[in-house]
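The values are calculated or read from the model by the stated rules, or taken from the named source; none is laboratory data. Note that the coordinates shown come from a computational prediction; the quantities given were computed from them, not determined experimentally. Here the Cβ is made from the backbone with ideal geometry for all residues, glycine too, and neighbour counts use every protein chain on show. Ligands, DNA and RNA are stripped out before the accessible areas are found, and what is left, the full protein with its side chains, is counted by its heavy atoms. Shrake-Rupley method; radii C 1.70, N 1.55, O 1.52, S 1.80 Å.
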Amino acid sequence: MKKPHVVIVGAGFGGVYTAQHLVPYVKKGLIDVTIINQTNYFLFTPLLHEVATGGLSGRSVTESIRHIFAGTGVLFHQGTVESVDIKKRELVVDGKHMSYDYVVLATGAVTNFYGIKGAKEHSLVLKNLSDAVEIRERIIDAFEDTSSVDIAEKRKKDLTFVVVGGGATGVEMAAEMAEFIDMLYSRYFDGASTIQKDDISIHLINMGAEVLSMLDQTLRIKAARRLEALGVTLHMNTSVTEVTSDRVTLSDGSSIDTSFVFWAGGIMPISPACISSSEPVCIGGKFVVDTFLRMKGEMDVFVLGDTACVETPDNKGYPALAQIAVRQAKIVAYNIMASLGHQPLRVFSYVVRGTLVSLGQWYAIGQVFGMTFSGKIMWWVWRTVYLFNFHSWVKRFKIAFEWTEGLFTSRDITKLR
Ligand SMILES: Cc1cc2nc3c(=O)[nH]c(=O)nc-3n(C[C@H](O)[C@H](O)[C@H](O)COP(=O)(O)OP(=O)(O)OC[C@H]3O[C@@H](n4cnc5c(N)ncnc54)[C@H](O)[C@@H]3O)c2cc1C
């Protein structure tokens, strides 16, 4: 007899963990599971900023999807899902049709530029591995290309780095960039080029009054102080109104001459817009799902992670975090099997247990169960927590080795392109 076919679109945190929870049922021969992803690897996004600043190699933050599911019976298909036809229970992957009994949409999010003029065209983002590699190369290029420039104004413009967004991604990147840039200058360019220390500047632009608005105020203040100590100039209560190839214009009327703008201003979900459904399923690009994580009005379509908008009593939904996607994955897998067995489904409800933010080497801040922590021990905890979120021990050992090596050696500045 034909087994029910579960197709999971997206092999990020939501997709991979859902498939892992379904493995026992695949092994028992109860269902077939296919996972589809654009790349053939799972990307550990929380450590991408370390790749962008030479702390980790790209290989460290990726895990082969085939390796994760080797021997489990879960099938992997590398490709892009172009459309999902809910009525026909069919999706199209790179022109080929695939039928399903249950589909799980875990396609994640992309950067949101909020329609700000020039932002999309002239900003760097950090969503995938190639973004991280590009940022690293652009920072190194800025130094290499300026190393023999005699005109101070030109050096200043080329060595001005702007980070937009005071959330976790913007703050972690600004701190790592500050340390990377300081290392580049003091170790390789000071005295060996025309570059002077005061040619270099890093700016963080934030719309709110403080960075990391989701954390307790004591931590927000500590984060701001740490960034300033690392040499980052903070522009609070300020938004970007335009980005060009050589300038960022700010809401207070001022502007910063730069050709390096890193945008961490927000995200918007990737909802395969081509989905065909009679229901109005999207709010702000996110699929509205019920508390069982089923797309509203659809019994066999589950959505989770950054692309899901879960109905909550306060209508606030959940933040776009890996820990949310991972928790939702367990419920989605359970509910698929419960639906198949005509059993009651489980409701998803979750309170964020903790948030950890690294601020360069040897310093992190964290809020865990309402308590606040900061400093070296927190940084060690931050690293340990992330290490144990990788799927294989081999990967954990490799990263632990790279991190240990990084404590004694300088960051890698070889260009790959
Ligand atoms: C730089 C950065 C740092 C972060 N740091 C943290 C952190 O410290 N802690 C935390 O909790 N969260 C963090 N996040 C957020 C976290 O990464 C996301 O919340 C989480 O990845 C969401 O999981 P997801 O499964 O919804 O999407 P993703 O993990 O983004 O996975 C989506 C997958 O779907 C694939 N895909 C998309 N469209 C298609 C398609 N049409 N066909 C096939 N495949 C497709 C993509 O290639 C991708 O592999 C960070 C995010 C970024 C970008």
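Checking every residue in the stretch 93-106 against the condition of being in contact (Cβ under 8 Å) with a residue 40 or more places away in the chain and either within 17 Å of the chain's Cα centre (by Cα) or over 30 Å from Met295 (Cβ atoms) (or both) gives at least one match. Just checking, which of Val352, Val357, Val368, Val347 is within 16 Å of the ligand (Cβ to nearest atom), in contact (Cβ under 8 Å) with a residue 24 or more places away in the chain, surrounded by fewer than 20 Cβ atoms within 10 Å (Cβ to Cβ) and of a type in the set (A, V, I, L, M)? Testing whether each residue is within 16 Å of the ligand (Cβ to nearest atom), in contact (Cβ under 8 Å) with a residue 24 or more places away in the chain, surrounded by fewer than 20 Cβ atoms within 10 Å (Cβ to Cβ) and of a type in the set (A, V, I, L, M) leaves just Val352. Consider the stretch 119-160 and keep the residues that are assigned to a helix (DSSP H, G or I) and among the small types (Gly, Ala, Ser). The one that is nearest to the ligand (Cβ to nearest atom) is Ala132.
Restricting the stretch 295-325 to residues that are among the hydrophobic types (A, V, I, L, M, F, W, C) and open to solvent by 40 Å² or more (accessible area, probe 1.4 Å) leaves a set whose member that is farthest from the ligand (Cβ to nearest atom) is Met299. Any residue at all in the stretch 71-92 that is under 24 Å from Tyr334 (Cβ atoms) and without any contact (Cβ under 8 Å) to a residue 12 or more places away in the chain? Yes: the stretch 71-92 contains one or more residues that are under 24 Å from Tyr334 (Cβ atoms) and without any contact (Cβ under 8 Å) to a residue 12 or more places away in the chain.
Name the helices (runs of 4 or more DSSP H) wholly within the stretch 1-109 that hold at least 2 residues that are more than 10 Å from the ligand (Cβ to nearest atom), within 23 Å of Thr384 (Cα to Cα) and outside the structural domain of Lys296 (by TED's automatic domain parsing)? Show your work before the answer.
Details: elements: 13-27, 48-52, 65-68.
In the stretch 1-109, 65-68 are the helices (runs of 4 or more DSSP H) which contain 2 or more residues that are more than 10 Å from the ligand (Cβ to nearest atom), within 23 Å of Thr384 (Cα to Cα) and outside the structural domain of Lys296 (by TED's automatic domain parsing).
Assessment of the stretch 241-248 against the conditions (β-branched (Val, Ile, Thr), open to solvent by 60 Å² or more (accessible area, probe 1.4 Å) and modelled with pLDDT of 90 or more) yields at least one matching residue.
Pick out the one residue from Asp190, Asp216, Asp158 that is closer than 20 Å to Phe143 by Cα, of a type outside the set (Gly, Ala, Ser) and surrounded by fewer than 21 Cβ atoms within 10 Å (Cβ to Cβ).
Numbers: Asp216 fails: closer than 20 Å to Phe143 by Cα; Asp158 fails: surrounded by fewer than 21 Cβ atoms within 10 Å (Cβ to Cβ).
Exactly one residue qualifies, and that residue is Asp190.
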